[in-house]
1. Here's a check for you: in the range 5-60, which residue that is surrounded by fewer than 18 Cβ atoms within 10 Å (Cβ to Cβ), touching a helix residue (DSSP H, G or I) at 6+ places or on another chain (Cβ under 6 Å) and under 11 Å from residue 80 (Cβ atoms) is modelled with the lowest pLDDT?
2. Of all the residues that make up the range 3-55, how many are assigned to a loop (DSSP other than H, G, I, E, B), in contact (Cβ under 8 Å) with a residue 12 or more places away in the chain and either over 11 Å from residue 68 (Cβ atoms) or within 16 Å of the chain's Cα centre (by Cα) (or both)?
3. Anything in the range 72-97 that is surrounded by fewer than 13 Cβ atoms within 10 Å (Cβ to Cβ), assigned to a loop (DSSP other than H, G, I, E, B) and either within 9 Å of the chain's Cα centre (by Cα) or touching a residue at least 60 places away in the same chain (Cβ under 8 Å) (or both)? List them, or say none.
4. Conditions first: (1) touching a strand residue (DSSP E or B) at 6+ places or on another chain (Cβ under 9 Å); (2) more than 21 Å from residue 4 (Cα to Cα); (3) not in a strand (DSSP E or B). Residue 69 passes all but one, so which condition is the exception?
5. Do the conditions hold for residue 62, that is, is it free of Cβ contacts under 8 Å to residues at least 12 places away in the same chain and assigned to a strand (DSSP E or B)?
């Protein structure tokens, strides 16, 4: 199975259960991150954007004061893939430092 093959519901549920903060929302997983100010959130968005560009896989990102929501999905696959889960984990690492 490749990184861009659609995952089963059980695989997605297992990921969500093991990764606090991530939730399934239809055919994507999403998480909101809190920051002390707008500039820190913008910096995080830039880091996620650069990661996404390197992987040629782009999330939905919503930015507001002190808050960023990131949602991953593979539209070509019609849902979630291993690549989405991998990038979600990397997004968490970016938020930590």
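The values are calculated or read from the model by the stated rules, or taken from the named source; none is laboratory data. Keep in mind it's a predicted model, so treat the numbers as computed, not measured. Here Cβ is always computed from backbone atoms with ideal geometry, including for glycine, and neighbour counts include all displayed protein chains.
1. Applying the filter and picking the extreme gives 6.
2. 10
3. Within the range 72-97, just 78 meets the criteria.
4. In the conditions (1) touching a strand residue (DSSP E or B) at 6+ places or on another chain (Cβ under 9 Å); (2) more than 21 Å from residue 4 (Cα to Cα); (3) not in a strand (DSSP E or B), residue 69 misses (3) alone.
5. yes
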